[in-house]
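Here is the structure we will look at, set down as structure tokens.
The values are calculated or read from the model by the stated rules, or taken from the named source; none is laboratory data. Since we're looking at a predicted model, the values are computed, not measured. Quick reminder, even Gly has a Cβ in these numbers, built from the backbone with ideal geometry, and neighbours come from all protein chains shown. With ligands, DNA and RNA removed, areas are computed over all heavy atoms of the protein, side chains included. Shrake-Rupley method; radii C 1.70, N 1.55, O 1.52, S 1.80 Å.
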Amino acid sequence: MAPDRHDIKLSVNGVSYRRGVESRTLLSDFLRHDLLLAGTHVGCEHGVCGACTVLLDGAPVRSCLMLAVQANGHELSTVEGLATPAGELHPVQQAMHDHHGLQCGYCTPGILMTMTAFLKENPQPSEHEVREALSGNLCRCTGYQNIVDAMLAAAQAMRAQP
Ligand code: FES
Ligand code: FES
């Protein structure tokens with residue numbers, strides 16, 4: 001392996017991958033181009049918009065601010081892993097659909113991943129807490145109200161799950 005390439009092994013949505021990557025490859029590019037998981041979107045590419053948010057060992061991270069080599073040995077979750085294999089939507093996805101929480105959808109994967117982690121830690125959030133949790137994810141279309149409504153509904157649905 002060339003000196004600037006590294007063998008990495010990681011799990012994404014429960015599937016193990018082993019790949020050679022360049023030192024400089026961003027995690028967002030690795031997911032989109034090497035693993036063809038293009039559901040993770042890239043907006044600003046400098047940590048501001050939140051579109052590229054994925055979960056690293058359950059915690060939200062901005063994949064445009066991480067190198068692929070830094071994910072070596074870790075477990076990642078992306079938007080592709082939210083629905084069940086049978087196609088049943090995760091409560092956050094279902095609620096976004098039901099409450100019209102998206103328009104162009106560019107910001108949506110990042111919002112879904114951010115809020116999945118948030119609602120797991122905060123099952124009964126207030127509207128203010130939901131707004132705070134969303135504050136690192138920029139949406140240029142919706143005005144946020146429907147996203148907030150969706151996330152409050154998702155929290156309720158997740159609490160009702162067995
Ligand atoms: S693309 Fe990563 S935060 Fe905007
Ligand atoms: S729905 Fe278009 S940026 Fe959020």
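Values as computed for the structure displayed
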read-out	value
Loop GluC sites (Glu not before Pro), region 79-162 (other Cβ atoms within 10 Å of the site Cβ: 16 or fewer; DSSP)	Glu88
Computed helical MRE - 222 nm, the chain, DSSP H runs ≥ 4 contributing -39500 (n - 2.57), nearest 500	-8500 deg cm²/dmol
Helix axis angle, 108-121 relative to the chain longest principal axis, alpha carbon, degrees	70
Whole-Hz couplings from phi, Karplus 6.51/-1.76/1.60, listed for region 38-43; x for Gly and Pro	7, x, 6, 8, 10, x
Most positive-pole-ward Cα, Cys64, Thr116, Cys139, against dipole of the chain from beta carbon charges	Cys64
Cα convex hull volume per residue for region 1-134 (Å³)	109
Other-chain or far-sequence residues with amide H under 5 Å of Leu67's (modelled H)	Leu27
Cα shape, region 1-80, gyration tensor, a/c 1.5 rule	oblate
Lys9 accessible area, 1.4 Å probe, all protein chains in place, Å² to nearest 10	110
Note, ³J(HN,Hα) from phi for region 143-158, Karplus 6.51, -1.76, 1.60, rounded to Hz, x at Gly and Pro	x, 6, 4, 5, 5, 4, 4, 4, 6, 5, 5, 4, 4, 4, 5, 5
Dimensionless Rg ratio for region 111-160, taking C-alpha atoms and the 2.2 N^0.38 Å reference	1.03
The chain - charge dipole about Cα centre, Lys and Arg +1 at Cβ, Asp and Glu -1, debye rounded to 20	220
